Amino acid sequence: MAVDAMTHAVVVGAGVSGLLAAHVLASSFERVTVVERDEFADGAPAFRSGVPQSRHVHVLWSRGQAAVDALLPGAVTDLEAAGATVVRAPDQMRWLSPARWFADVPGAHYLSASRELLEATLRRRIDDHPAIAWMPRHEVTALVPGRNGAAAVSGVRLRERGKDGQESTVHSDLVVVATGRSSRTTRWLVELGHAAPATERFDAHLGYSSRYYRRPAAEGPWTAMYVQGTPDVPRGGVIVPIEGGRWLVTLLGQAEHQPPIEEKDWLAFAASLRTDELAEALAGLEPLSDAVAFRATANEWTHFERARRWPRGLLVIGDALCRFNPVYGHGMTVAAMQAQAIAARIATLRPAEVPARAPELQKAVAKCVRGAWAIATGEDARYPSTDGPKPGPLGRMQQRYMSRVVAAANTDPVVSEAFFAVLSLNRPPESLLTPRIAARARR
């Protein structure tokens, strides 16, 4: 494809969604500048303060793995070589659902690794691309309007992080906002003269508390464990293997059942779940870190795709568009799906044509979140203390039906295969409404 002279895209944020978007745009635009508020370690996985959730369990479902490998062939293999583990659930994952333990039934696989390793691997894979440049330690303070005012975005205003705080302007044809959960996009749009878009929010007040353990030397009967909470016992826990011979263990609690970070209380909380098995698995193991908490787990979808006027040259993706309760593990998979959606729509366009297609692109990436949104909000709405729209008669009927589907999936291989296909985002939630699944769920 011919590249228009001096075409430039700016990607704001170097998380998973920003990195994948930068890679996709670099195949079309002459220059792609990635602006990131944090400093990067020298290629090594390292915690970034701008991603506080990174010290908790992250998984990349099979749909996300397929998308990442399609965009960056061999990336999943690179991750496995660095210590990531592909886990087959529920075959290799001891999983207590709200109904019972999953039996030996078909499921789906996911990649388990630290968020730091995943980001470092993606950065390394795209770093050599001649079109991509990096601007670490810079944060965006505003969008730059185009020549015709708010009808277009023509760049970003930046402030360098540090004692001097120097400000500058970077002009571009396209701005992609991938700033994650702390996104200020709505404020920037209002400052340009646009109306604030509608936002949907469901907050189950779920809290995380996580720490690292040295992985047992002897292989056990399972590779990972998940104990789900219920409305009656809203406490849970997850054990996943990550690189470095470690387990990452996350405790979960809803509303007044927030998991603690103090050593004695943390272990007592682990012992208070619906089963003793998770606490027993940790007994005698060496902790490698203190526990850290994370509380910003609300589902929030800002409907930029519904705006009556959308500026030319602006696209919002990832958690900046829609963030999910992390317990379902969908954020990174959705980010990879969105990158694929962008790639598909710009493949036949000249770079100079892309900014004008921003409204179309915004609708395309918003479509990618629908399945994950339906799963997260449908389940979170079960908890009485959840803030957000309450389910009506139809919603409550759907919840009762899904409870039967999950119960059947524990032992029925047909329902289990369908259930995990939805959970891994390989199929839409409505695929669980077929007569075949419904009949087996009623048994």
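The values are calculated or read from the model by the stated rules, or taken from the named source; none is laboratory data. As the structure is a prediction and not an experimental result, all values here were calculated from the model. Here the Cβ positions follow ideal geometry from the backbone for every residue, glycine too, while neighbour counts run over all protein chains shown.
Listing for the model above:
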read-out	value
Candidate set: the stretch 191-219, residues that are in contact (Cβ under 8 Å) with a residue 12 or more places away in the chain, closer than 19 Å to Glu286 by Cβ and of a type outside the set (D, E, K, R); chosen: the one surrounded by the fewest Cβ atoms within 10 Å (Cβ to Cβ)	Pro216
Count - residues of the stretch 180-207 that are modelled with pLDDT of 95 or more and hydroxyl-bearing (Ser, Thr, Tyr)	3
Tally, over the stretch 140-170, of residues that are closer than 19 Å to Pro351 by Cα, touching a Ser or Thr at 6+ places or on another chain (Cβ under 6 Å) and at pLDDT 95 or above	1
Conditions (1) at pLDDT 95 or above; (2) more than 28 Å from Leu79 (Cα to Cα): number failed by Lys264	(1)
Of all residues in the stretch 98-116 being crowded, with 21+ Cβ neighbours inside 10 Å and of a type in the set (A, V, I, L, M), the one that is farthest from Gln399 (Cα to Cα)	Ala113
Residue selected from the stretch 286-310 under the condition in a strand (DSSP E or B) and not hydrophobic (A, V, I, L, M, F, W, C), by the criterion farthest from Ala196 (Cα to Cα)	Pro287
Residues satisfying the stated conditions in the stretch 76-97, i.e. touching a helix residue (DSSP H, G or I) at 6+ places or on another chain (Cβ under 8 Å), touching a residue at least 40 places away in the same chain (Cβ under 8 Å) and surrounded by fewer than 19 Cβ atoms within 10 Å (Cβ to Cβ)	Asp78, Ala82, Gly83, Ser97
Residue satisfying all of: in the stretch 376-413; free of Cβ contacts under 8 Å to residues at least 60 places away in the same chain and in contact with a Lys or Arg (Cβ under 8 Å, 6 or more places away or on another chain); surrounded by the fewest Cβ atoms within 10 Å (Cβ to Cβ) among these	Gln399
Identity of the residue in the stretch 15-59, among the polar types (S, T, N, Q) and touching a residue at least 24 places away in the same chain (Cβ under 8 Å), that ends up nearest to Glu139 (Cα to Cα)	Thr33
Count of the stretch 185-213 residues which are over 18 Å from Gln53 (Cβ atoms) and not small (Gly, Ala, Ser)	13
Subset of the stretch 146-182 (residues that are out of contact with any strand residue (DSSP E or B) (no Cβ under 7 Å at 6 or more places or on another chain) and either part of a strand (DSSP E or B) or within 21 Å of Val365 (Cβ to Cβ) (or both))	Gly149, Ala150, Gly180, Ser182
Scan of the stretch 159-179 for residues that are surrounded by fewer than 22 Cβ atoms within 10 Å (Cβ to Cβ) and not polar (S, T, N, Q), ordered by number	Arg159, Glu160, Arg161, Gly162, Lys163, Asp164, Gly165, Glu167, Val170, His171
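One line per residue, one yes/no per condition, for (1) in contact with an Asp or Glu (Cβ under 9 Å, 6 or more places away or on another chain); (2) at pLDDT 95 or above; (3) within 30 Å of Pro231 (Cα to Cα); (4) part of a strand (DSSP E or B):
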| residue | (1), (2), (3), (4) |
| --- | --- |
| Val34 | no, yes, no, yes |
| Asp38 | no, no, no, no |
| Arg48 | yes, no, no, no |
| Asp69 | no, yes, no, no |
| Pro73 | no, yes, no, no |
| Asp78 | no, yes, no, no |
| Gly83 | yes, yes, no, no |
| Val105 | yes, yes, yes, no |
| Leu122 | no, yes, no, no |
